[in-house]
Structure formats: structure tokens, C-alpha cells
Amino acid sequence: MAPFRAVAVSGATALVWFKRDLRVRDHAPLAEAMRFDNAIGLVVIEPQWLSSPECDPRHVSFLLDCVAGLQRDLASRGLPLLVRTGTMPQVLQTLRQEFPFAHLFSHEETGSAWSYTRDLAVAQWCRSHGVDWTEFPQTGVVRRLASRAGWAARWAQRMNAPEAPAALAFRAPPGLAQTVVPTLFELGLPALSAPLPQGGEQAAWATLNSFLDGRGRDYRRALSSPLTAAEGCSRLSAHLAFGTISMRCVHQATEARIAAGSDPRLAYALRGFASRLRWHCHFMQKLEDEPAIEWRNLARSVDGLRPGDGVHASPVNLAHLQAWCEGRTGYPMVDACMRQLRTTGWLNFRMRAMLVSFAAYHLWLHWREPGLFLARQFLDFEPGIHWSQMQMQSGTTGINTLRIYSPAKQALDHDPLGLYIRQWVPEIGTAAYPAPIVDERAAVAAAKAALYGLRQTRAAHTEADAIQRKHGSRKSGLPPGTRPRSRSGEAAPAGQGQLF
Ligand SMILES: Cc1cc2nc3c(=O)[nH]c(=O)nc-3n(C[C@H](O)[C@H](O)[C@H](O)COP(=O)(O)OP(=O)(O)OC[C@H]3O[C@@H](n4cnc5c(N)ncnc54)[C@H](O)[C@@H]3O)c2cc1C
């Protein structure tokens, strides 16, 4: 982490670039900028983001909501937050003509390929204009990580470190006009058809506090069923993705509540929640270490397995893909989940996994297109978690247990009275509801045969060992299915498919 400067830097202007860190509290770049004579905040709405296949107007709308709150909070501290549209180098160039700045501060980002390319362009622009760009970590993700050994201890060290100094007061350069946050309409985007949860730092803290104050008491039981998860899970994911609250603050507030020990049932629930915060960074680290998992199989031994991976000869079954995206597969639990997700932008973990398992095993679709579609639906889209999970649930990581979810069993276990299904698929039982688009038994049998066949090869075992060394967790307590295989590859529980 870049050190905080001990002394004020006079006669200079600092530019704080806000990206996935739309908050004031525990914000290292802001704390650093406080030491400068003048400071400006900047949010850039980039055309590469708007046109990327993962971006949906719901993400933009949530961002604008967060930015409006942030602009107010920063203005009360004397820091103007400029909102500009354009590519980063263009925006920096224009801004530098208006306000010569020599220092740029931001958080590190583990994003999709477009943001990585953008960061390279920003670094190049800074070098050629004599601007000093300092990036600070804000999660447990470690840049240029040499080995996963000791990663969990490093995560704990970062999360237990003190928050960044409070950002209290700034001076804006003279003559700077505050910009107005644009609307979706002004950005040329369609209005949303359903409301989103509130964005911004205040909403993030209210969500966390309500969870820690008691909403989370049933967390472990509530998180699997779509009937109870929306209320019983923390619902912090979009806030963490947009950085309206820091991972460190969530971690420390949770640990403090566990340590208080006043409510053993809540403490038990919160311990389950706390370990998921580590998973968040564990999965992001995979994308940081291997950016290509965004578009190609982690285990190259499964290349060519499914149509659509650039190697397989057959075309993607577009009718199946479309039915899945529309929630019209004829499998009621799958369709209900997809429709909830499309409407609300959120779905609990188990049901996300079931949707992907259905696409991957029942429909034999490659994960990239379904993954892009889901990325647009998930308000909390976080590339590192998303692509790691897409591959894990599709059986292409080479190291994780194959989990094939049975939609009927999920319905029986988590919606035994059919309440959830009837809410989202009201036409069930009528002629308007489609017949199943695939024969489950035959499709799953074929999927298992194809995947087991590949996993048994010597090449797959050798590759799995290498993947485990690079990406696998070194510690129990990390996500199920990510425990080490034996070096011989004979890791029975991890290599065998399970029907959930
Ligand atoms: C195919 C697939 C794609 C996913 N894509 C995303 C994504 O883009 N963004 C995202 O935040 N989560 C993703 N998840 C993980 C998980 O489903 C969500 O984090 C969770 O449902 C969000 O709701 P919550 O905040 O109430 O979670 P809680 O259960 O309250 O968990 C708290 C936080 O822990 C983290 N977390 C929880 N479960 C996981 C997990 N399995 N892996 C990694 N981190 C986890 C998240 O940051 C979450 O906000 C995905 C899961 C699957 C199966």
C-alpha cells in the first residue's frame, strides 16, 4: 500500500478518481488528497463501459444514484466532484488544461478486460504528462501475487488494519463549477422498468446495520431459499461492488458484533457471513492472477467441450439460450429464478448456481454467453467473482466438484408449497406455460459422461495440480469445492459430480 504523506504538499492540486469506491469513509485516495493545497474529485462515465456487453442501464442508474449522494457528501467537505463523460485520457487531457494537476489518486481495480486496457492508457497518459498516479488497494486482492501461500493471513492483516484517516476538509481550486450528475435519459439510455435498491454510502451503512442488528440472525438457514434469502442475506453485494462501503468496514463491524457476544445465535450466523467476505476477495484474486478466465476456460483440457468456445465445431443452440434468458425453459424453478433476477437484479447464491448449472449441464451451453447475460442482470456484477463462479458452476475449472443442480429437488427443498414458483410463473399449469425444452435425465447423463471422461485423462490431472497451485485456497473455511486435490489427482469427492 502506498504510504500516507506525513506533510502537506503545498502549491499542488490532487485529482481523486472515483471508480468502484463511491464513498467518503475509509477512502485512502481521499485521505491522501487532503494534504494538498487543492483537490478535485472526478467520476468518469466511460463509453467503453456503457458499450461493454456486461453493462446494463440498471448498473448506470445505481452508479448515478451513488454519485449524487457522494457529490453532496464531498461538497460539504469542500471537495467538488466533477462528473464527465468520455474516455479517461480525453477527460484527463481536458481537465489538465482547466486545472493543472500533478497527482492522480485512485483505488486499484480488478475489472474486466476493458478497464484493464483503460488503466494501461491512463498510466501511459500520466507518464507522458508528468502526472504521478498512485493507486491504493481496497480489498484483499494482491497485485502481482507470487504465490497463494499466506494469502488468507494477508487478507486478515489488511482487513484488520485501521481505516484510512477521515476525509474532513478540502480546498477546491478557484473558479471550479460543480457539475450536475446526468440522468439515464441524458446518457441516451432507456428508463428502468422496475425500481432498484437505493444506492450510496448512507444506504450501504443502513443495510449493514440492519443486518448486524438482527436481520442476519437466521442467515445460515435463510440464504438457500429464494423465499427467505432476500430478507435474510446481507444484501450488501451491490454496495461492495460499487464501493459505497469498504470491505474493511464491513469486516470490522461484523467482527465487533461477534466479539460483543451478547447474542450467540446472531454471532453464529455472522461467522458464516464473515467467511463469505473472504471468499469475495478469494474469487477476485483469481481474475487478478489470470485475466483470461473472463473469456476462456481455466482448465484448457475442457476446450472444445461445448459449442461456443471457439474450438467446438457446432454452433450454439440459440433457441435454448433464448428460452433460458427469458425464463421459459419449462422448468418452473429455473424460470421463476430467472424472472426474479430479471426484475429485481438480485438472486441468492444457490439459485444463481442452479441457473448456471442448468445452462451448463442441461442445456450444454458454454458459460460465456450466459455469463454476459447474467452480468447484465446482476446489479452486483463483480467480474472476479462472476467469471470464477460461472466457470466453477459449469465444470471448467478442472479442480472443483461438479455440482449439477436438479431444479425439481431445489423446488422441493426450498419452495415446497410452490409459493415462489407461483409468484414468478403465474401461468404454470396452463397451456401458456411451455413444456420442458430438454429431457433432463438424458441431458445430465450426457453431460456427466463427457466431463468425467475428460477429467480422467492424465493431462487433466496434471493441469488440475497446476491450477490448484496457482488458484486454490490453502486453508479450509474457504469456499466449498475449492479444497486441494491430492497430487495424484485422485481427489474423489472433488472429482465426482453431485446431483443437488
Ligand atoms: C454464477 C454466479 C455468479 C455470481 N456473481 C456474483 C457477482 O457478480 N457479484 C457478487 O457480489 N457475487 C456474485 N456471486 C456470489 C453470490 O451469489 C452473491 O455474492 C450473493 O448472492 C450476494 O448477496 P448478498 O450480498 O446478500 O450475500 P451474502 O450472503 O450476505 O454475502 C455477503 C457478501 O459475501 C460475498 N459473497 C457471498 N457469497 C459469495 C460467493 N459464493 N462467492 C464470492 N463472494 C461471496 C459477497 O460480497 C456478498 O455481498 C455469484 C454467484 C454465482 C453462483
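So what is log10(I(q)/I(0)) for the stretch 9-138 at q = 0.13, 0.17 1/Å, when the Debye sum runs over its Cα atoms only?
-0.51, -0.91
Among Leu208, Val425, Ala253, which residue has its Cα positioned farthest towards the positive end of the charge dipole of the chain, with +1 placed on the Cβ of Lys and Arg, -1 on the Cβ of Asp and Glu, and the dipole taken about the Cα centre?
Ala253
With +1 on each Lys and Arg Cβ and -1 on each Asp and Glu Cβ, how big is the dipole of the chain about its Cα centre, in debye rounded to the nearest 20?
Details: 55 positive and 42 negative charges, 280 e Å.
Dipole about the Cα centre, nearest 20: 1340 debye.
Among Pro182, Ala149, Pro57, pick out the residue whose Cα is farthest towards the positive end of the charge dipole of the chain, where Lys and Arg carry +1 and Asp and Glu carry -1 on C-beta, about the Cα centre.
Ala149
Show me 99-112, 329-342, 203-216, 427-440 ranked by packing, highest mean number of other Cβ atoms within 10 Å first. Numbers along the way, then the final one.
On the way: 99-112: 20.6, 329-342: 23.4, 203-216: 18.4, 427-440: 12.0.
Output ranking for 99-112, 329-342, 203-216, 427-440: 329-342, 99-112, 203-216, 427-440.
Can you sort His282, His59 so the residue with the fewest Cβ neighbours within 10 Å comes first? Please report the intermediate quantities before stating the final value.
Working: His282 27, His59 24.
The fewest-first ordering by Cβ neighbours comes to His59, His282.
Per the Kirkwood definition applied to all pairs of different Cα atoms, how many angstroms is the hydrodynamic radius of the chain?
Values: mean 1/r = 0.0415 Å⁻¹.
Answer for the chain: a Kirkwood hydrodynamic radius of 24.1 Å.
The stretch 201-289: percent of C-alpha pairs farther apart than 18 Å? Numbers along the way, then the final one.
Details: 1653 of 3916 pairs.
Across the stretch 201-289, Cα pairs with separations above 18 Å total 42 percent.
How large is the Rg to Rh ratio of the stretch 292-499 when both quantities use alpha carbon positions and Rh follows Kirkwood? Display every interim value, and only then the final one.
On the way: Rg = 17.0 Å, Rh = 17.6 Å.
Here the Rg-to-Rh quotient is 0.97.
Show the residues, 5+ positions off or on another chain, whose built amide H is closer than 5 Å to the amide H of Phe136.
Ser106, His107, Glu108
Convert 10 °C to kelvin, take the viscosity as 1.306 mPa s, use the Kirkwood radius over C-alpha pairs of the stretch 326-427 as Rh, and evaluate the Stokes-Einstein diffusion coefficient in µm²/s, rounded to a whole number.
Numbers: Rh = 13.7 Å.
So the translational diffusion coefficient is about 116 µm²/s.
Do you know the relative contact order of the stretch 292-499, to the nearest whole percent, from alpha carbon pairs under 8 angstrom that are 6+ apart? Before the final figure, lay out the partial values.
Working: 274 pairs, mean separation 54.1, N = 208.
Averaging sequence separation for qualifying contacts and normalising by length gives 26 percent for the stretch 292-499.
Summing Lys, Arg as +1 and Asp, Glu as -1, what charge do residues with Cβ under 13 Å from the Cβ of Pro370 carry, Pro370 excluded?
Working: positive: Arg306, Arg352, Arg368, Arg376; negative: Glu54, Asp309, Glu326, Glu369.
Cβ neighbours under 13 Å give a net charge of 0.
Any idea which of Gly310, Gln391, Gln377 is furthest toward the positive side of the dipole for the stretch 276-395, if Lys and Arg beta-carbons carry +1 and Asp and Glu beta-carbons -1?
Positive-end residue among those listed: Gln377.
Just need log10 I(q)/I(0) for the stretch 168-227 at q = 0.15, 0.25, 0.26 Å⁻¹, Debye formula, equal scatterers on the alpha-carbon atoms, no solvent, rounded to two decimals.
-0.83, -1.11, -1.13
Tell me, in nm to one decimal, what length is gained between Ile428 and Glu186 on full extension, where the rule is 0.36 nm per residue of separation less the Cα-Cα distance? Don't skip to the answer; put the middle values down first.
Values: separation 242, 0.36 × 242 = 87.12 nm, distance 4.00 nm.
So the extension gain works out to 83.1 nm.
If you rank Leu120, Leu192 by fewest surrounding Cβ atoms within 10 Å, what's the result?
Values: Leu120 10, Leu192 15.
Ascending Cβ contact count within 10 Å gives the list Leu120, Leu192.
In nm, to one decimal, how far is the Ala313 label point from the Leu419 one, both placed 7 Å along Cα→Cβ?
Calculated label separation equals 5.2 nm.
How large is the dipole of the stretch 292-499 about the Cα centre if only Lys and Arg carry +1 and Asp and Glu carry -1, each at its Cβ, rounded to the nearest 20 debye?
On the way: 24 positive and 16 negative charges, 141 e Å.
That gives a dipole near 680 debye.
For labels at Lys409 and Glu440 in the simple 7 Å Cα→Cβ model, what's the distance in nm?
Rounded to a tenth, the inter-label distance reads 1.0 nm.
Can you give the relative contact order of the chain as a percent, counting alpha carbon pairs under 8 Å and 6+ residues apart?
It rounds to 16 percent for the chain.
Since every read-out is calculated from the coordinates, none of them should be taken as a lab result. Just so we're clear, the structure is a prediction, and the values are computed from it rather than from any experiment. Glycine gets a Cβ as well: all are built from the backbone with ideal geometry, and neighbour counts include every protein chain shown.
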